[in-house]
Structures are given as structure tokens and as C-alpha cells.
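Read through the structure below, which is laid out as C-alpha cells, and then see the notes.
Derivation of every value follows stated rules applied to the coordinates shown; laboratory data play no part. Nothing here was measured: the structure is a model prediction, and the numbers come from that model. Heads up, the Cβs are rebuilt from the backbone with ideal geometry, glycines too, and the neighbour counts pull from every protein chain shown.
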Ligand SMILES: [Zn+2]
């Protein structure tokens, strides 16, 4: 996890300021970025300037969510009770290119490296898209044309600032889907030639509208998953005591 995102997860006002890593297997405090000597200094800088530095500024924090504020000032193209889609094209506060670059850099790192020796995190398989995505991240090639990226924001005031590391959510014969969340923002990456047209029409990078959605249910769903993992995973008595009240009181 990039250091800028991790820093946003510390909550100095609490007795337990450190973020907690919850997987279906284990619960630990995380005070250091999950890093590995994957990138040379030049690529580290490319990734930082390409997306991470900007993303760190616009994600949700307690009491502020700059990206949601900017998106909600854009014209609505879908307006349902639980889902509103905004046309973000041309809004200078919303750097679609950096949003896309950041998301692909996270998915690529999850695919290119086995992180299991240093953290209990899942690995995804981008397969034959891994190399074209790497070339895009290196600025050696354009964005692969069969990539579809859907960006959905939580409600204006997310109840629970959490990161969900890249995971595979669906694999069918004709296309794949991978998900990832950082505070306030969920990314779903679809790859393959047969991604349905209605999904493709909501792609943040290739749709005419440069669409970004805001959905009511997302943080509730993610919080539910985290609670389920918390109940199921191994935890030391110390960790269990430290977070039980928090989870019951704030999220339960
Ligand atoms: Zn490099």
C-alpha cells in the first residue's frame, strides 16, 4: 500500500491511532506501508507523479472528501435513489488520467508480485493484460483498449475509512473483474473483449462522460465484509480486546 494512502488512515484522536489490517485469515496493526523492492527509483517516481500524490490529496478523510465534493458539482447523467452518475469530463479538479493511472498501478502491483511472504494479502492474475498495463504505466504504450475501469464513490461522509486490497471478484469465460477500494473510492477493473456494453459505457477513462458514480450502499457493504472477516480471522487476545468495542460501537 502506498505510504500516502496509509498515512491518511491514521486517526490521531483515538487511543489506537494505527490502521488495522483485516483479512479473512488474520488481523494485525499496520504501521508501515506494504512495500517490496519492486520498483526502481525512476518507476517509483513515475507512480508517485502519475497518480499517488494526487490521490492522497483527494481521498476521504474524517470530515472531508475532496473528490466527492468535486464530482457532486458535475452534471448528473443517471439519477436514481441509490446511484447517481456524474459526467466529470472537463472538470479541472478531477484528474481522470491520474485516477486511472493510480488504479492500474495498484492492480498491476497485485498481479506482478507475490506479496504473501510479507503480508496476508491476496494476489490477482491480470494474465495477458499484465504486460500491456506495465507498458502503459511506464508510459511506453497507450492504455490497452480492452480495459474498463468503473469508479464509484461512497456517500459524502464515509462511515468507515478502509482500504480493500486488489482482489478478483469474478472470472467468466469472456471477461474478468477485479475490485479494490481506498478511503471513499471503489475501483472495479474489467478486462477482456466481451465486457458488456452497459458496463463499458460507465468507464471512467473511455466513456464520453468520464463517468464517476456515487452509491449509497458501498460503504455499508464493505463494512459488513470487514466485520465478517473480523469475526472469522485469527486474532490475538490483545488485538481482539483492542478492536472489539470499536467495531461494536462504531460499525455494529
Ligand atoms: Zn523501473
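Counting other beta carbons within 10 Å of each Cβ, put 88, 43 in order, fewest first.
Final ranking by Cβ density, sparse to dense: 43, 88.
According to a simple spin-label model (label point 7 Å from Cα along Cα-to-Cβ), what is the distance in nm between residue 138 and residue 193?
Taking the two extended label points, one gets 2.6 nm.
Given R₀ = 41 Å, FRET efficiency for residue 89-residue 116 by Cβ-Cβ distance, to 0.05?
Values: r = 40 Å, r/R0 = 0.97.
Result of the calculation: an efficiency of 0.55.
Quick check on packing: order 200-206, 50-56, 134-140 by the mean number of other C-beta atoms within 10 Å, highest mean leading.
Details: 200-206: 18.1, 50-56: 20.0, 134-140: 15.0.
Peptide ranking by packing, descending: 50-56, 200-206, 134-140.
To make sure I understand, if each residue's beta carbon is the centre and we count other beta carbons within 10 Å, what order do 96, 182, 150 fall in, fewest to most?
96, 150, 182
Points 7 angstrom from Cα along the Cβ direction at residue 64 and residue 131: gap in nanometres?
Between residue 64 and residue 131, the simple spin-label model gives 4.5 nm.
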